[in-house]
Each structure stands twice: as structure tokens, then as C-alpha cells.
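Derivation of every value follows stated rules applied to the coordinates shown; laboratory data play no part. As the structure is a prediction and not an experimental result, all values here were calculated from the model. Cβ: placed from backbone, ideal geometry, glycine included. Neighbour counts: every protein chain shown.
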Amino acid sequence: MRKNFRKAFTLIELLVAISLLSIIMIFLYKSYSSLNISNTIFKEKLNHIKNEQIKKRVIFLDFSLALFASNTILNQNKKEDVVFFQSSNSIHDRDNPYIAYIVKNSKLYRLESLREFKDYPLNQASEFSIDDFGEVNSFRVYKSDGNTTSSSNSKELFLVHVDFKNGEDVLLKIKPLNEK
């Protein structure tokens, strides 16, 4: 008696194996696609948070490193202020630049120059670098008059409120470090 041993797969076994492999590959591709979509969403959200933190940091450093008696706050209306001052913070590699925060067409701009900003609107001969901070509902800066009695001996204190249109609300209480 001779036993016959199979040495190959039948056609039906090959078709079943290929079908199972195809189904597994479809699920793997859907998982991979979903992972790519979620990674894109998380990357966009992370970039948004990073940009928000950079804006907050620049505003904080500008006001906290403001040079004493160099600031001017011009109230334009209930929602907008124009601020001029000199700071030791620079994002354009300048030494003690003059900084201006201006709202124009509902956008907050940070201007940095080697020349002092004196009045608003700015004259056409002004040279400065512009940074767009995004669309805002309001930008207000409040300055203490130095006569307040508090636990700190600070002569000057800034309260900066920026209400961005994308829902982010920034409120910073800043004590300048470069006081007399």
C-alpha cells in the first residue's frame, strides 16, 4: 500500500488564503490611514498651541524687559490700545529696540525698530519689522500709576489683555524688571 502525500496546495486553499490576506490588508490599511489622519490633526493642534505660547512669551518678555519710563499707551477706543515702549527683548536681533503694538483691521501687529515710535498713525519714513500676531477682538493694556499700596514694592505694573478671535484669551499681569 502506497500512501499519497500532498506536496502542494489545492486551488481552493490558495483562494481562501489570498482572501484572508486581502481582508487583513484592508483592515491594516484602514488603521494606517486613521493613524495618519489623527497624526495630522494632533500636529496641527500642537503647532497651534506652540504658536500661542510663542505669542504669550514674546508679549511677556517685551513688557517685563521694558526699559523704565519709556512706555506710552494711547487709547484708540474701548477695544484697542496702541502701545510704544523700548525693551531689551528683541526677536529681530536688535539691541534695545523700540516696540509698538498696534491693532489695524482687527489684526494685532508687533513692530520693532531701532528708531523711537513717537505718535500714531506712524509716518511713512518709519523703518521697522512687522510681526502679525493674528486677528483679535480686543487688545488692551493697563498700567498702574505706582501709587497703589500692595505687598510688592513695584512702581509699575502692566495688565495686558488680548482677546484673539480664535477663542484664545490672554491675560498677563507683568512687572517690568528694568525699573529704576
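Straight-line cross-link reach from residue 79 at under 17 Å between alpha-carbon atoms covers these lysines, not counting any fewer than eight positions away in the same chain: 104, 107, 143, 165. Nearest 10 degrees is fine. How inclined is helix 11-64 to the longest principal axis of the chain, computing both from alpha carbons? Taking the Cα atoms of the chain, the angle to 11-64 is about 10 degrees. Size descriptors for the chain, from the alpha-carbon set: Rg then Dmax equal 30.1, 114 Å. Enumerate the residues in region 64-80 having an amide nitrogen under 18 Å from the point lying 7 Å beyond the Cα of residue 104 toward its Cβ. 74-77, 80, by backbone N distance to the label point. Taking label points 7 Å from Cα along the Cα-to-Cβ direction, residue 13 and residue 177 give a separation of 7.6 nm. Taking the Kirkwood radius as Rh and the Cα radius of gyration as Rg, region 39-127 has a ratio of Rg/Rh equal to 1.04.
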